[in-house]
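Reviewing the structure listed below.
The values are calculated or read from the model by the stated rules, or taken from the named source; none is laboratory data. Here the structure is a predicted model, which means the values were calculated and not measured. A quick note on method: Cβ atoms are made from the backbone with ideal geometry, for glycine too, and the neighbour counts reach across all protein chains shown.
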Amino acid sequence: MSFGASVEQKVARISSQGIFSPLEAKSPLDEDRKRRKILFLSGPTGCGKTELSLLLAAALDAEIISADAMQVYRGMDIGTAKATYEQRNSVPHHLIDIRNVDEPFNVVDFYYEAQNAIERIIARGKIPLIVGGAGFYLHTLIYGPPGGPPSVTELRARLESELEEQGAHVLYERLSSMDPDYAATITPSDRHKIVRALEILVLTGFPVSSLSWRSRTPSIQGAFRCWFLFRPRPSLYCRVEKRCEEMIEAGFIEEVIELERQGLRKNPTASHAIGYRQCLEYLSSPRTEGDLRHFIEAFKQASRHYIKRQFTWFRREPLFQWLDAETHDTELLVDLLTQDIRGC
């Protein structure tokens, strides 16, 4: 959400005056290299990616591609901490508000949408800046869509029937016992990924974590840099818990009520997003003060658990360099990343 006037002023100052050394005249070869530069900025929820990305985009004359699985949906604004309309007007953003909440969107959809956005941005002579905390989406964009056998209708139907009868948590426990490495990267409520992972196990006899997509070389075209912005966990937990409260004060419950009217519950992915799932459960309750307190605590707990999974995922991503946002001034980080991508 909004980071206040100070960030907007920084963006305007960097864009209009430039606080960094301007690029010198380049040869045609240098310009060709520049056209293929791509910058990835990830990090756990609540670490400050939006603020840093806006400043980076201003410094680099870049355009931002959202790598957030839920920001693609119109109306999922408060709960996804989507950049404000003012911020999106100051810096072009892509892959935001491209689906209705009752429409499906998966990692393969993201891959092709993001590839198209990258090519359009590069064709304009600008740098694509991919920003988001969805590790699986970022990994797929860098290495290509995951492999695995085609889905088998009968097997998929049987697994989905088991999921409905026994519950997602039961199948998640089964997956955890058979493929703990992959299970650690998803949530017990991630119904589609649980079913697909079990399907792959049955069809191939191998866990998802052993498939070649984890060890492939990057397929993305161009010179690129990958950064993981983080803060110490106690600090992050405080920030994200405060943000949960601020979201509710900003009208998050009202947002979910409207999205429910638009078909949110029909979308198995969006309806299980952090915050939205907990809010839908609250809306199905008598909505007493105790129910509200339970919803808020469940929202905070789910956010903390997601942060843990993000740290776990990116520890296994060798291309991402880590940056502590708590020990570095924001403008110093902008300077560091700007000079790094210009020099690659």
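Specify which of the listed residues (L336, L323, L283, L319) is more than 22 Å from the chain's Cα centre (by Cα), aliphatic (A, V, I, L, M) and farther than 27 Å from M76 by Cβ.
Details: L323 fails: more than 22 Å from the chain's Cα centre (by Cα); L283 fails: farther than 27 Å from M76 by Cβ; L319 fails: more than 22 Å from the chain's Cα centre (by Cα).
L336 is the lone residue from the list that is more than 22 Å from the chain's Cα centre (by Cα), aliphatic (A, V, I, L, M) and farther than 27 Å from M76 by Cβ.
Conditions: (1) free of Cβ contacts under 8 Å to residues at least 12 places away in the same chain; (2) assigned to a helix (DSSP H, G or I); (3) of a type outside the set (S, T, Y). R277 meets all but one. Number of the miss?
Only one criterion is unmet by R277, namely (1).
Checking the conditions here, which among F252, F228 is in contact (Cβ under 8 Å) with a residue 24 or more places away in the chain and touching a strand residue (DSSP E or B) at 6+ places or on another chain (Cβ under 8 Å)?
Values: F252 fails: touching a strand residue (DSSP E or B) at 6+ places or on another chain (Cβ under 8 Å).
That would be F228, the only listed residue that is in contact (Cβ under 8 Å) with a residue 24 or more places away in the chain and touching a strand residue (DSSP E or B) at 6+ places or on another chain (Cβ under 8 Å).
Looking at segment 144-164, which of the residues that are surrounded by fewer than 19 Cβ atoms within 10 Å (Cβ to Cβ) and within 26 Å of S66 (Cβ to Cβ) is modelled with the highest pLDDT?
If we take residues in segment 144-164 being surrounded by fewer than 19 Cβ atoms within 10 Å (Cβ to Cβ) and within 26 Å of S66 (Cβ to Cβ), then G144 is modelled with the highest pLDDT.
Being assigned to a loop (DSSP other than H, G, I, E, B) and modelled with pLDDT of 90 or more is the filter here; which residues of segment 206-235 pass it?
The first filter runs over segment 206-235 and keeps only residues assigned to a loop (DSSP other than H, G, I, E, B), leaving 206-207, 211, 215-222, 231-232.
Residues satisfying the conditions are R231, P232.
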